[in-house]
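Only one structure is covered here, and it is reproduced in the block below.
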Amino acid sequence: MLQGGDWVVWLLGLLMYAAGAISVLRAVVVLIAARRHRRLRRPRRGRSWGGPVTEPVSIIVPAYNESAGIEAAVRSLLASTHPVEIIVVDDGSTDGTAELVESLHLPVRVIRQHNAGKPSALNTGLAAASCDLVVMVDGDTVFEPDTVRMIVQPFADVRVGAVSGNAKVVNRGGLLGRWQHIEYVVGFNLDRRLFDLAECMPTVPGAVGAFRRRALLDLGGVSDDTLAEDTDLTMALCRNGWRVVYEETAKAWTEAPASLDALWRQRYRWCYGTLQAMWKHRGALAQRGPAGKLGRRGLLYLLLFQVLLPLLAPVVDIFALYGLIFLDPVRITGLWLAFLLLQFMMGLYAFRLDGERAGPLWSLPLQQFVYRQLMYLVVIQSVFTAISGTRLRWQRMERYGSLQAPTTTTTGTAGTAGTAGTAPHEHTPPEPDFRPQAAYGAFQHPTPDDGHPQPPYPDGFRQPTPQETPQPY
C-alpha cells in the first residue's frame, strides 16, 4: 500500500514538473517571438508593408439583438479616417436593432434576414459588399478612428489574405474585467505575435478582422461547420495558401463577459469550436507550404499549450496542495512564487508592447487561484464533450452597453462605394468615448426561440439541433 502511494506521489511530481517545463518553454518561445516580431514590424522609412493602401473598405456588422451597443459601433465606424461603406446585417433580432440603426439616419445600409446564425449573416454582407477589402466587426465593438486604415495596410503585400486586429476589453472594472484584460494582452496578443512570425495564424477574431473578398469567395464564404466560425475561416485561408498576419495598431474595444456564468458559456463555446476547427483541418499536418505551417506549427502549438497543458493543470494543483501539507511547503511555495514571477515578467513585457499601464497586473496572483482554474475546467469539459459527441448548446452573451457613441459623426468618407474615392485623411473625425455608459446588466434581452438547422459535423463532432439552439452570437 505504501509502495502504491509512493508511486502515485512520484507520478504526480513527474506530471507537475512536465507541466512546469511546458509552461517555461511556452514563456521562453513566446517572449523571444514577441521581441523579434516587434523588431520586424517596426516601420522602415515610414512603411513596413509597401505602398499605402487607400482603397475603400466594406465593413460588415452582423447583428443579433445588439440594440445595447449597435449605435456606438456604427458611429465609431463612420468616424473612420479611411473611406468605408457600412453594411449592418440584422439576423432576425427581436429587440429592434435594425429599427434603431435606421432611426439614426446615417449613411449605413441595413439588410434584414430571418435568424440563420452569424455565418449566414456574414455571407449576406459579403454578397452585398462592393469593395475588394472587407472588415468584419461584432455589433458590441467600437473602433478607433484609425483602426480601419491601419488594419488594411498589410494588404499592400499581395500574399496577405487576412489581418487580425488588436481586440481590447473595455469593461475592465472589477477583478473579472481585469483578469480578462490581462488574458487579452498577455495571452491572446502574445500568441498572435508568435503565430504571425511563424506564419501559422489560427484565428482572426470576430471583433476586428480584415479580409480580401476574393479570398473568402474562393472558400465559398464563411462556413457554419463549427461553433468558432472565425477560427475555421482563418484556418481555411491558411490552407488555401494565404498569409494571415497581426496588426497590433488596429485597435478595437469590445465588451467582455461581466459574470462567471457568462464567461464560462463564452469560453466553452470558443474552446469547443476551436477543437472542432482543429479536427476539421487536421489534414494540414501532412500538407506542405502555408497549409503545412498551419498544421505542424499552429495546430501542434494549440494542441500542446491550449489542450494538453490545461489537462495537466488539475494534477499540478493537487500535487501542490499535497506538497504543502505532507512534503516540503517551503519548496512548493518557492516553485509557485517562481512560476508567478515568470507570469508577472511576461505580463510586464506584454503590457509594454501593447502600450498598456501595468496597474492591473497586481491582480495576477489572485488570477492563479480562480480564473486559471476556470479556464482549465472549460478546456477539460470541452475535450470530454468532444470525445463523447455530446451536443453543445449555443449560449448568447449578454450585452451591457459599456461603450458610448461619439457625440458627433463626420461622414465624409463613409457610405456606399460612391464615396469610395475619398482620400483617407480629408477630415479629422472626433474620437469615440470609450468610457462605461451604464452598469453591467442594464441591458438584458430575451433569448429567441427560433432557430436554424446546422449540418452535422464530420467524424463524430455533432452540432446542436434547431430546437436546442437558436442562432445568437
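Remarks
- When we screen 175, 190, 216 for residues that are farther than 24 Å from residue 76 by Cα and open to solvent by 40 Å² or more (accessible area, probe 1.4 Å), the only hit is 175.
- Whichever residue in segment 237-261 is among the hydrophobic types (A, V, I, L, M, F, W, C) and touching a Gly at 6+ places or on another chain (Cβ under 9 Å) and, among such residues, is farthest from residue 162 (Cα to Cα): 258
- The residue of segment 237-246 that is nearest to residue 137 (Cα to Cα), among those that are part of a helix (DSSP H, G or I) and open to solvent by less than 10 Å² (accessible area, probe 1.4 Å), is 237.
- Some residue of segment 387-399 being at pLDDT 80 or above and surrounded by 15 or more Cβ atoms within 10 Å (Cβ to Cβ): no
- Looking across segment 84-130 at every residue that is β-branched (Val, Ile, Thr) and farther than 11 Å from residue 61 by Cα, the one that is surrounded by the fewest Cβ atoms within 10 Å (Cβ to Cβ) is identified as 94.
- Any hit, segment 32-44, residues being β-branched (Val, Ile, Thr) and in contact (Cβ under 8 Å) with a residue 12 or more places away in the chain: no
- Where residue 135 falls short, out of the listed (1) in a loop (DSSP other than H, G, I, E, B); (2) surrounded by 23 or more Cβ atoms within 10 Å (Cβ to Cβ); (3) modelled with pLDDT of 95 or more: (1)
- Residues satisfying the stated conditions in segment 247-288, i.e. among the hydroxyl-bearing types (Ser, Thr, Tyr) and either assigned to a strand (DSSP E or B) or surrounded by fewer than 24 Cβ atoms within 10 Å (Cβ to Cβ) (or both): 249, 254, 259, 268, 272
- Any chance residue 322 is under 30 Å from residue 168 (Cα atoms) and either touching a strand residue (DSSP E or B) at 6+ places or on another chain (Cβ under 7 Å) or hydroxyl-bearing (Ser, Thr, Tyr) (or both): no
Table: residues versus (1) farther than 22 Å from residue 161 by Cβ; (2) at pLDDT 95 or above; (3) assigned to a helix (DSSP H, G or I); (4) aliphatic (A, V, I, L, M).
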position	(1), (2), (3), (4)
58	no, yes, no, no
82	no, yes, no, no
90	yes, yes, no, no
115	yes, no, no, no
131	no, yes, no, no
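- Count of residues meeting criterion [farther than 26 Å from residue 151 by Cα, among the basic types (Lys, Arg) and within 16 Å of the chain's Cα centre (by Cα)] in segment 242-299: 2
- Of the criteria (1) touching a residue at least 60 places away in the same chain (Cβ under 8 Å); (2) of a type outside the set (Ser, Thr, Tyr); (3) part of a helix (DSSP H, G or I), which one residue 99 fails: (1)
- Looking across segment 139-166, the residues that are open to solvent by less than 10 Å² (accessible area, probe 1.4 Å), farther than 21 Å from residue 199 by Cβ and not in a loop (DSSP other than H, G, I, E, B) come down to 141, 142, 143, 147, 148.
The values are calculated or read from the model by the stated rules, or taken from the named source; none is laboratory data. Note that the coordinates shown come from a computational prediction; the quantities given were computed from them, not determined experimentally. Cβ coordinates were reconstructed from backbone atoms using ideal geometry, including for glycine residues, and neighbour counts include every protein chain displayed. Surface areas here come from the heavy atoms of the whole protein model, side chains and all, with no ligands, DNA or RNA. Shrake-Rupley method; radii C 1.70, N 1.55, O 1.52, S 1.80 Å.
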